[in-house]
1. How large, in percent, is the carbon and sulfur part of the accessible surface of the chain at a probe radius of 1.4 Å?
2. Do any of K100/K169; K28/K113; K65/K100; K28/K117; K65/K169; K65/K225 go past 26 Å between their Cα atoms, and which?
3. Given all pairs of different Cα atoms, what value in angstroms does the Kirkwood hydrodynamic radius of the range 80-233 take?
4. To test your reading of the geometry: what angle, between 0 and 90 degrees and rounded to tens, separates the Cα axis of helix 89-125 from the longest principal axis of the chain?
5. Taking all protein chains together and a probe of 1.4 Å, list R191, R167, R107 from the most accessible to the least accessible.
6. In terms of solvent-accessible area of protein heavy atoms at a 1.4 angstrom probe, what is the ranking of L150, L72, highest value first?
7. Using alpha carbon centroids, what distance separates the range 179-226 and the range 29-54, in Å?
8. For the chain, what is the mean residue ellipticity at 222 nm derived from helices alone (per DSSP H run of n ≥ 4: -39500 (n - 2.57); sum divided by total residues; nearest 500 deg cm²/dmol)?
Amino acid sequence: DQPRDGVALHVLRHVEAHQFDAELEGIKSHVLAMGGLVERQIEDALIAIIDADSQRADEVIAREKQVNGLELSVDDEATRILVRRQPAASDLRLVLVITKAVRDLERIGDEAKKIAKLAIKLTEEGPAPRGYFEVRHIGAAVREMLHDTLDAFTRLDVDAALEVVRRDKSVDQEYRSATRELVTYMMEDPRSISRVMNIMWALRSLERIGDHSRNIAEYVFYLVKGKDLRHVGLENIESTVKSRT
């Protein structure tokens, strides 16, 4: 009986381990599905503001409920895993990172919604005389950042995550430069202030999308290295990644 009980216990543990792995893969896939939806939100919000497409903007605003619903669903899954499985070490880090990542994705969705609302304002007030090139350029950069940071998260690729962090610094510089130019333009032509301000708010939302994408990239460092590298500066992040320890 004892050997038979031992075999049964071994089989049970194997089944439970397999179920746990399936639950982790399931929750990761839901995060990536949410990421895909948010990527689409950014793309459509940019089209809406550049092409003055209010219908596209309305679609972005309506889909925001889906983004919020996915965040709540993933949070519920993570809570169930924490309570039932009580994961240890790397599995615990993964679940905690997932709860943080979906929060950043939800906030990216919020920023896309803000851009869509600004697009509607611009269709009503008339297009701004300046700033669309910057919206297109910075928008393309942060869309690529989000795509690459989700890919880095999937593959636990610290090198790809590091590249996202580097690009965030470049986006911040471009945002500051664009803001200075637009402020100068508004001073020269006060009649443009209201419309150009809408473009500036859109650029601000894009810069924040870059920040949230960087956050997710930094979670990859935490998963792989077991170290929280937020707020430590790019040089310290680079040295930690290169250390391979």
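The values are calculated or read from the model by the stated rules, or taken from the named source; none is laboratory data. Everything numeric here is computed off the predicted structure, so don't read it as measured data. With ligands, DNA and RNA removed, areas are computed over all heavy atoms of the protein, side chains included. Shrake-Rupley method; radii C 1.70, N 1.55, O 1.52, S 1.80 Å.
1. 51 percent
2. Too far apart for the 26 Å limit: K28/K117; K65/K169; K65/K225.
3. Computed over the range 80-233, the radius equals 16.9 Å.
4. 20 degrees
5. R191, R107, R167
6. Heavy-atom accessible area, descending, gives L72, L150.
7. Cα centroid of the range 179-226 versus Cα centroid of the range 29-54: 16 Å apart.
8. -32000 deg cm²/dmol
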